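Chemist: Structure below; questions to follow.
Nothing in this text is a laboratory measurement; each read-out follows from the coordinates by a stated rule. All figures in this text were calculated on a predicted structure; none of them were measured in a lab. All Cβ positions, even for glycine, are placed from backbone atoms using ideal geometry, and neighbour counts span all protein chains on display.
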Amino acid sequence: MLEKVFKGSKLYYGWLLALLVLIGVGVLAYINQLVNGLQLTGMSQDVNWGLYIAQFTFFVGVAASGVMVAIPLYLHDYKEYGPVIIFGEFMAVAAVLVALLNVVVDVGYPARLFNVILYPTPHSILFWDMVVLSSYLLVNIIIGWTSIAAERKGTKPAHWVHVLAIIAIPLAISIHTVTAFIYCGNVGRPFWASAIVACRFLASAFAAGPALLLLISFIMGKFTDYKISDKAVDTIAKTVAYAILANVFFFLLEVFTAFYGNSPHHTEPLAYILFGVHGHNQLVPFMWAAAVLIVIGIVILLVKKWRQTRELLIVALLCIFLGCWMDKGINFVLAGFVPNSFGEIIDYVPHPNEIMVIAGTFAIGAFVLTLREGIAQPAAVAFSEATREAAETQKAAEMEEAVEAAKAEKAAREAEEARIAAEEEARRKAEEEAAKAAEEAAE
Amino acid sequence: MTMQQHSERSLTRRNFVKAGALACATGLFALNGCTLEEVKNSQLASEFQGIENKQYGLAINVSMLDALGGQEFIDTIIATCHSYHNVPKIDDPKKSMDWIWTQSYEEAFSDIASNYVDEKTASYAYPVMCNHCTDPQCVRVCPTQTTFKRPDGIVMMDYHRCIGCRFCMSACPYGARSFNFMDPRPYVDKNDMNPGYPTRSKGVVEKCTLCYELIDKGSVPVCVQAAYGCITFGDLTDENSEIRQVLSQAFSIRRRVELGTGPNVYYIFDDSMLYTNGFTNDEGPLFEEDLLMEGGE
């Protein structure tokens, strides 16, 4: 039972405390960056986007992946996903939050962020990214809020909530597509300027996102009464398998196009992450680690028996999530700057301060997610215990009343019966007397 | 389990979401309060009304630059530009700020560089800077219209509007933009400072603006003034302009033309111009002292 686990659980409060400490570290690191500028990152004039924008990209994908649960549920009425969907929506909210935080920490002059709204610029992809991301966040908050309100009242959500949930599906696709457009519109960056970037992004998002959803579901299942059916788990695992296969396929398309065509503009960034170029090979370990992890994940997911063994499934999901993160959360953004405008290769060496800021943003996302499933519950448990006690007292009082009422009724009934019996007696006596009198008269 | 317990948990969740959204909105509006008063677009537009549709550009004669001293001579041009515009001197090459600098032939023209390039061409130093493109990528991607194209073709920067997202740097195929990773002011030499040109703040992007402030006064860019005739400035749409005359007389190339951005900095290879194009040593430097503030070399 939920309240027994969460009430006073050291593990739970320890987790929250650890997150708070991480958030504190992140906030301090960010203040340090505000004071000293973005020199406290690995970025340079040549590699002008780094891990912040990479995390933004990755977590927009995680946020978008909610549709892999929403489409079967809302468009195909796949009821197994019913319990998963609200959780998926909250994971989307937390992921959008992490993504947006990584944009905020990335900009050089955050006090001017609202200039994006003050001077709306439709020819800028960043403007559209702001539009679709904030719409997606708003729609998810409204859906989550109204669904919960309906749940509270024990009714179904209003019809327009269902309509919103369906609107959220193309919105989710759009947030990651527009994020891909940020990259693939840059003609001067051949690694990014590819028509398949949006497809790659969506495929890796639909693998990594549902994988994370399942992993968190398992943790929730261990500590709370959150339940996800084995059938739902297996269906989501199959979704992850299809998506990661598509992602690998799309990557291989890039490799073929670059190396068969053999244009140096296309081959050099890929060679940089696959083998290293001119002694620059800092991204090579991530590339191959991602490749190995993803292959392990695919093999486990493809064999039904292994996929349906919970421990192996967890290994597969972890492998795929980490592999996708290394691919998109590190390599994709950094390799785009190789080579620079002058054919030079400038390495990116992360600064400890930016790692701390990123850890802080992750912690905020995890904290929001935990609060939603966690703190809200112990509070609710305490609340509900009080109400249950009140209910019990009331019940007892009602019972007493009922007993008394029954007693009174019984007494009344007895009195009535006695009265009826007396009347009967009287009538019989009268009849007898009348009969006797008649007899006497006859005689 | 009781319906009541379920509903109480939901109520808390709902309030939690509400509070979260409220906190986000409050935070963002508070941040917005910090924004400085900024020039409205319409004001800028009215200032431009006197400027006809032109496309200013530069023609850089690398052969002449080489004849006048090559890298050493170009360094004086760079120093003049950088001190005039208060460009900070940062030694770390990863964070250094440059409006104009040099690259080798192979680097500046990596797409057309040949394996067997002649010694002269290979040995020249090539000054590189913003190309003030006809169809600039940076202007297209900027989310705040911080960088915009003037009717005379200059790609401008508004340092007071830039949010520092560096999308323009990702989009620029010429590496022409520099981001202020730290507060630039301590890195501007106090003895060599131009009080007539604003310094920038940390967190914004900057680049060559073709000395729009001098052009608006009827003068020419600082680098042109410091180049002893090796760099020609003018309107590329006017066939009678000096720059068109120079370009019609010699072989010229531009950087990364295949990308379709329409770069407007031309590189000329013709040292005969040293003698035919009006330059003589007797005339001396072509500075306009009244426009170049104290500190310009």
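Chemist: Within the set of other residues whose C-beta is less than 13 Å from the C-beta of B:W99, count the net charge using Lys and Arg as +1 and Asp and Glu as -1. The partial results should precede the final answer.
Modeler: On the way: positive: B:K89, B:R177, B:R200, B:K207; negative: B:D98, B:E206.
Neighbour charge sum, excluding B:W99 itself: +2.
Chemist: A further question on this structure: Taking the simple approach of a point 7 Å from Cα along Cα-to-Cβ for both A:A396 and B:D271, what is their distance in nm?
Modeler: Modelled inter-label distance: 10.9 nm.
Chemist: Among A:Y226, A:Y78, B:Y105, what is the fewest-to-most ranking by other Cβ atoms within 10 Å?
Modeler: Working: A:Y226 18, A:Y78 15, B:Y105 21.
By the 10 Å Cβ count, ascending, the order reads A:Y78, A:Y226, B:Y105.
Chemist: Residues with beta-carbon under 12 Å from that of B:N61, excluding B:N61: net charge, scoring Lys, Arg +1 and Asp, Glu -1?
Modeler: On the way: positive: none; negative: B:D66, B:D270, B:D271.
Net charge in that neighbourhood comes out at -3.
Chemist: A further question follows. What is the sum of charges around B:M129, taking Lys and Arg as +1, Asp and Glu as -1, for the other residues whose C-beta is under 13 Å from the C-beta of B:M129? Present the calculation step by step, with values, prior to reporting the outcome.
Modeler: On the way: positive: B:R177, B:K207, B:R254, B:R255; negative: B:D98, B:E206.
Its environment carries a net charge of +2.
Chemist: Looking at chain A as a GNM with Cα springs under 10 Å, which of A:I53, A:I420, A:I86 has the largest mean-square fluctuation?
Modeler: A:I420
Chemist: Mind checking the alpha-carbon convex hull of region A:115-176 and giving the volume per residue in Å³?
Modeler: Numbers: hull volume 5.4 nm³, N = 62.
In region A:115-176, the Cα convex hull volume per residue is 87 Å³.
Chemist: Sticking with this one: Treating only the Cβ of Lys, Arg, Asp and Glu as charged (+1, +1, -1, -1), what charge dipole size does region B:126-176 show about its Cα centre? Round to the nearest 20 debye. The partial results should precede the final answer.
Modeler: Working: 5 positive and 3 negative charges, 22 e Å.
I would put it at about 100 debye.
Chemist: Stick to Cα atoms and the Kirkwood definition of Rh, then tell me Rg/Rh for region A:42-350.
Modeler: Values: Rg = 20.0 Å, Rh = 20.3 Å.
Checking Rg against Rh, the ratio lands at 0.99.
Chemist: Among A:Y183, A:Y12, rank each residue by its count of other Cβ atoms within 10 Å, from fewest to most, as a rough exposure measure.
Modeler: Values: A:Y183 23, A:Y12 19.
Ranking A:Y183, A:Y12 by Cβ neighbours within 10 Å, fewest first, gives A:Y12, A:Y183.
Chemist: Note down the nm distance, to one decimal, between modelled labels 7 Å out along Cα→Cβ at B:T76 and at B:N240.
Modeler: Once both label points are built, they end up 3.4 nm from each other.
Chemist: What 222 nm value per residue comes from the helices of chain A, counting each DSSP H run with n ≥ 4 as -39,500 (n - 2.57) and dividing by all residues, nearest 500 deg cm²/dmol? Walk me through the numbers before you get to the answer.
Modeler: Details: 17 runs with 337 residues, N = 443.
Roughly -26000 deg cm²/dmol at 222 nm, from the helical runs in chain A.
Chemist: Sticking with this one: Any of A:K156/A:K395; A:K79/A:K304; B:K54/B:K217; A:K79/A:K328; A:K79/A:K153 with alpha carbons more than 26 Å apart? Name them for me. List each step's numbers first, then the result.
Modeler: On the way: A:K156/A:K395 29 Å; A:K79/A:K304 22 Å; B:K54/B:K217 16 Å; A:K79/A:K328 32 Å; A:K79/A:K153 21 Å.
The pairs that break the limit, which is 26 Å between Cα atoms, are A:K156/A:K395; A:K79/A:K328.
Chemist: To continue, here is another question. For B:M64, B:M156, which order do you get if you count the other beta carbons within 10 Å of each Cβ and list the fewest first?
Modeler: On the way: B:M64 24, B:M156 19.
Ranking B:M64, B:M156 by Cβ neighbours within 10 Å, fewest first, gives B:M156, B:M64.
Chemist: Specify which residue in the list B:C162, B:L65, B:F269 is farthest towards the positive end of the charge dipole of region B:50-283, using unit charges on the beta carbon of Lys, Arg (+1) and Asp, Glu (-1), about the Cα centre.
Modeler: B:C162
Chemist: A follow-up question, please. Nearest 20 debye, what's the magnitude of the dipole of the protein assembly as shown about its Cα centre given +1 on Lys and Arg Cβ and -1 on Asp and Glu Cβ? Don't skip to the answer; put the middle values down first.
Modeler: On the way: 56 positive and 78 negative charges, 338 e Å.
Roughly 1620 debye, rounded to the nearest 20.
Chemist: Measure of size requested: the Rg and Dmax of region B:124-219, with Cα atoms as the atom set and Å as the unit; please supply both.
Modeler: Over region B:124-219's Cα set, Rg and Dmax evaluate to 13.9, 39 Å.
Chemist: Follow-up. So, in nm, how far is label A:S229 from label A:E311 when the simple model puts each one 7 Å beyond its Cα toward the Cβ?
Modeler: About 2.8 nm, to one decimal.
Chemist: I'd like the per residue volume of the convex hull spanned by the Cα atoms of region B:50-283, given in cubic angstrom.
Modeler: On the way: hull volume 32.7 nm³, N = 234.
Each residue corresponds to 140 Å³ of Cα convex hull volume.
Chemist: If I histogram all Cα-Cα distances within region A:40-88 using bins 10 Å wide from 0, what percent of pairs lands in each bin?
Modeler: 24, 30, 19, 15, 11, 1
Chemist: Would you mind classifying region B:201-259 by shape? Square roots of the alpha carbon gyration tensor eigenvalues, ordered a ≥ b ≥ c; an a/c under 1.5 is rounded, otherwise it is prolate if a/b is larger than b/c and oblate if not. If you can, show how the numbers build up before the last one.
Modeler: Details: a/c = 2.08, a/b = 1.37, b/c = 1.53.
Taking the square roots of the gyration eigenvalues as a ≥ b ≥ c, region B:201-259 is oblate.
Chemist: Beyond 16 Å, how much of the Cα-Cα pair distribution for region A:169-234 remains, as a whole percent?
Modeler: Values: 1262 of 2145 pairs.
Beyond 16 Å sits 59 percent of the P(r) for region A:169-234.
Chemist: While we're on this one: Rounded to the nearest 0.05, what FRET efficiency do A:E416 and A:A441 give with R0 = 51 Å and r taken as the Cβ-Cβ distance? Could you check? Spell out each step's value before the answer.
Modeler: Details: r = 36 Å, r/R0 = 0.71.
FRET efficiency, A:E416 to A:A441: 0.90.
Chemist: Mind checking which lysines have their Cα closer than 18 Å to the Cα of B:K207? Skip sequence neighbours fewer than 8 apart in that chain.
Modeler: B:K89, B:K94, B:K95, B:K149
Chemist: What is the average number of partner chain Cβ atoms found within 10 Å of a Cβ in A:134-147?
Modeler: Working: counts 0, 0, 0, 2, 1, 0, 1, 5, 2, 0, 3, 7, 1, 3.
Across A:134-147, the average partner-chain Cβ count within 10 Å equals 2.
Chemist: Right, next: Can you pull the semi-axes for the protein assembly as shown, root of five times each eigenvalue of the Cα gyration tensor, sorted largest first, whole Å? Write out the running numbers ahead of the final one.
Modeler: Working: eigenvalues 1097, 159, 92 Å².
The answer is 74, 28, 21 Å, longest axis first.
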